[in-house]
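*Asks:* Here's a structure for you.
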């Protein structure tokens, strides 16, 4: 069963276009959404969260149209946006006391488990936290309401290698609990480590949306890591763009 | 909806929004343009919008399991509750000035506007203006508020100036009634202010919902 279907998403900005983006995420899969900075990852994610309005296209979560079932869908998904600061002068416990009231599916047991897992101090404010801790705070709220799908925008950015490793291990544990994880990243090694599927976006276009093994067999040259494959593909895209520009 | 209101009062609000409710007490100050108190209350609410913007409040709210319409509704309810709290303070001052302090020389010798039901009606008009020009203007972008606030300041002080001076013009003397003098007129003007507040705020809320729905966050 598909937990998300993104169909023919288009969005034009003065200097950037999202072109006919389509992909789907199956239940219980870890999907790495890879692409360089500015490739369109955040624009796609924001469209999936109804934060920006695509010029055309449709987004369906759990078989339901996002526009018509926004509130219901938001309860079933958890979102974390890298190191975005929410209320930098408020203590974590004050923010959580509000978030807790917003979800009727809030799971206090899960909250306490992940609070301990991430080693967070509830009495700290965001401005007293490191970038990595802010990422963990965002993940904490995303994980504490039994979300069926986690949408994580650059969750591993700003984390040290140990925390990144812990996080990718956590993704695998969540997957075993039936949770689907969709995370964007420009750190391809994280995709390589834990993703079941890879969606690779370049210059606003989906280049590939495949299971990891199929991605490797189709695009990787012998002995090449996924990171090297994507780097090579990105360079050839870049070269083609420069040639087109000159022409 | 309850969650978004708790968020407004616990996370988004600046402490100044609560403290500045006390500016309603300016309705007691003799020889002072009492309607400035209304402006100061809105200045307190403005502080909440400012601190909310610094805290990425709108994006945070939009990610919670509520519709975008609820996010707008939460902001409007917060603003209206602060305004109504200050109006309660102003009403107490007006009733005391109309009864206990009816003959107090400091109020009788006041060249400016008397704090009566007409003044209260004008307070409603100024708040309506704030809700429409500032709050409605804010939701055009959900982050820019300088222009709406400056526009509101100009318009509100224009209304304060006109209202404070109006009773000096021939034919408008009754607007400065003391106690229960010309009570029907005072009550009609108050009712006019309340109606204006309700209609303008509701229209502004509806427009803000439409605007916010179209914004890319």
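Derivation of every value follows stated rules applied to the coordinates shown; laboratory data play no part. Since the structure is predicted, the reported quantities are computational estimates derived from the model, not experimental observations. All Cβ positions, glycine included, derive from the backbone under ideal geometry; neighbour counts span all protein chains shown.
*Asks:* Quote the relative contact order of chain A in percent (integer), defining contacts as alpha-carbon pairs under 8 Å separated by 6+ residues. Present the calculation step by step, with values, prior to reporting the outcome.
*Replies:* Numbers: 441 pairs, mean separation 65.8, N = 247.
Reported as a whole number, the value is 27 percent.
*Asks:* A further question follows. Evaluate E = 1/(1 + (r/R0)^6) for residue A:108 and residue A:1, where r is the Cβ-Cβ distance and R0 equals 41 Å; express this FRET efficiency to the nearest 0.05. Don't skip to the end; give the middle numbers.
*Replies:* Details: r = 29 Å, r/R0 = 0.70.
After rounding to 0.05, the efficiency reads 0.90.
*Asks:* Something else now. Under the 0.36 nm per residue contour assumption, what length would be gained going from the current alpha-carbon distance of residue B:106 and residue B:162 to full extension?
*Replies:* On the way: separation 56, 0.36 × 56 = 20.16 nm, distance 2.21 nm.
The residue B:106-residue B:162 span can extend by a further 18.0 nm.
*Asks:* Name the residues of region B:176-217 whose amide N is less than 18 Å from a point 7 angstrom out from the Cα of residue B:88 along the C-beta direction?
*Replies:* none
*Asks:* Let me ask another. Return a whole-number percent for the relative contact order of region A:100-175, with Cα pairs under 8 Å and 6 or more residues apart as the contact set.
*Replies:* 34 percent
*Asks:* Next question. Between residue A:224 and residue B:141, what's the calculated FRET efficiency when r is the beta-carbon distance and R0 is 45 Å? Round to 0.05.
*Replies:* The computed FRET efficiency comes out at 0.45.
*Asks:* If you build a Gaussian network model of chain B, linking Cα atoms that sit under 10 Å apart, which residue out of B:64, B:16, B:96 swings the most?
*Replies:* Looking only at B:64, B:16, B:96, the largest GNM fluctuation is found for B:64.
*Asks:* While we're on this one: How do the peptides B:74-85, B:103-114 rank, highest first, by the average count of neighbouring beta carbon atoms within 10 Å per residue?
*Replies:* Details: B:74-85: 20.4, B:103-114: 14.1.
In decreasing order of mean packing, B:74-85, B:103-114 become B:74-85, B:103-114.
*Asks:* Another question, if that's okay. Under a point spin-label approximation (7 Å from Cα along Cα-to-Cβ), what is the residue A:122-residue B:95 distance to one decimal in nm?
*Replies:* Output for this residue pair reads 4.2 nm.
*Asks:* A further question follows. Rounded to the nearest 0.05, what FRET efficiency is calculated for residue B:210 and residue A:22 with R0 set to 25 Å and r the Cβ-Cβ distance?
*Replies:* Details: r = 30 Å, r/R0 = 1.18.
Computed FRET efficiency for residue B:210 and residue A:22 comes out at 0.25.
*Asks:* Can you tell which of A:189, A:144, A:80 shows the greatest fluctuation in a Gaussian network model of chain A with Cα springs below 10 Å?
*Replies:* Largest GNM mean-square fluctuation: A:189.
*Asks:* Further question: How large is the helix-only mean residue ellipticity at 222 nm for chain A, computed as the sum of -39500 (n - 2.57) over DSSP H runs with n ≥ 4, divided by its residue count, in deg cm²/dmol to the nearest 500?
*Replies:* Numbers: 9 runs with 102 residues, N = 247.
So the helix-based figure for chain A works out to -12500 deg cm²/dmol.
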